[in-house]
Every structure is written in structure tokens, then in C-alpha cells.
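Step one of this worksheet: look at the structure below.
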Ligand SMILES: [Zn+2]
Ligand SMILES: [Zn+2]
């Protein structure tokens, strides 16, 4: 029964299965490429690794390394901090600009906090 099953796949559906596997690989490659681009990682290298390393190991390696990339070093003391931290837990260095009203992380270039509509004063004063 098993022989019949395997033989049947090899005869008639083999090409379809190969195409499906290639499509899954391609989707994984595109995912790694776009995701690593967002994180300023070497996206072309990751695309090639995911496509060329068999059994999806490339993607697994990418996911493991990507997690580590969410950490960076504090610019003041070198302590390992998460990208989402507001201040360094070791030396209290400000890592991200914080909205004075809702305390959410905001970007330097923003004039108004999009979460609570607070005017971010520093940028207004600069003008
Ligand atoms: Zn620090
Ligand atoms: Zn706010």
C-alpha cells in the first residue's frame, strides 16, 4: 500500500510537489528579504541563504539571528538593551524619544504624537 502510494506520487504528482516546495521556499525567501530589509540587515545575503540551504534551515537560522538583532548596545555604557526600551536599565541613558504625555516611544522627526495628539515641543521650538 505504501509502495503504491509513493509510486503514484513519483509518477503523476512529482512535478507538482516539486513546484509547491519551490513556491514555499520562494515565499520564505521573500519574507526573509523584506523582513531583513526593514531591520537594516543584509537582505540579499539572507534571501540567498534561505533559498540555497536545504530543509528550510536557512529560514530557521534567520529567525534565530533576527531575535538577537532586536538587541543593541547602549550608546553610553555598552550594556545590551532591547530596541523597544525607553532608557538603558544600566545607566539610565535615554534610548528613544518619549512622548511627555502618553509615555509612548515617538520618532525624533515627529512634530505631534500620533498616539495621543500631544504636540512634541522640541521640534516646534526649532522652527
Ligand atoms: Zn547604558
Ligand atoms: Zn503621546
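The numbers here are math on the coordinates, done by the rules we state, and not lab data. Quantities reported herein were computed from a predicted structural model and do not represent experimental measurements. Here the Cβ is made from the backbone with ideal geometry for all residues, glycine too, and neighbour counts use every protein chain on show.
Taking 7 Å steps out from each Cα toward its Cβ at residue 57 and residue 83 produces label points 2.7 nm apart.
Counting neighbouring Cβ atoms within 10 Å and putting the fewest first, the residues 106, 112, 50 line up as 112, 106, 50. Counted by neighbouring Cβ atoms within 10 Å, the residues 94, 118 run from fewest to most as 94, 118. Each residue, residue 76 and residue 26, gets one label point 7 Å from its Cα in the Cβ direction; the gap between the two is 5.0 nm.
Here the simple spin-label model places points 7 Å from the Cα toward Cβ, and for residue 108 and residue 43 these points are separated by 2.2 nm. Applying 0.36 nm per residue to the separation of residue 64 and residue 115 and subtracting their alpha-carbon distance, the gain on full extension is 15.2 nm.
In the stretch 66-105 the Cα-Cα distances spread across 5 Å bins starting at 0 as 6, 26, 28, 20, 14, 5, 1 percent of all pairs. Counting other Cβ atoms within 10 Å as a rough exposure proxy, the listed residues 44, 30 run 44, 30 from fewest neighbours to most.
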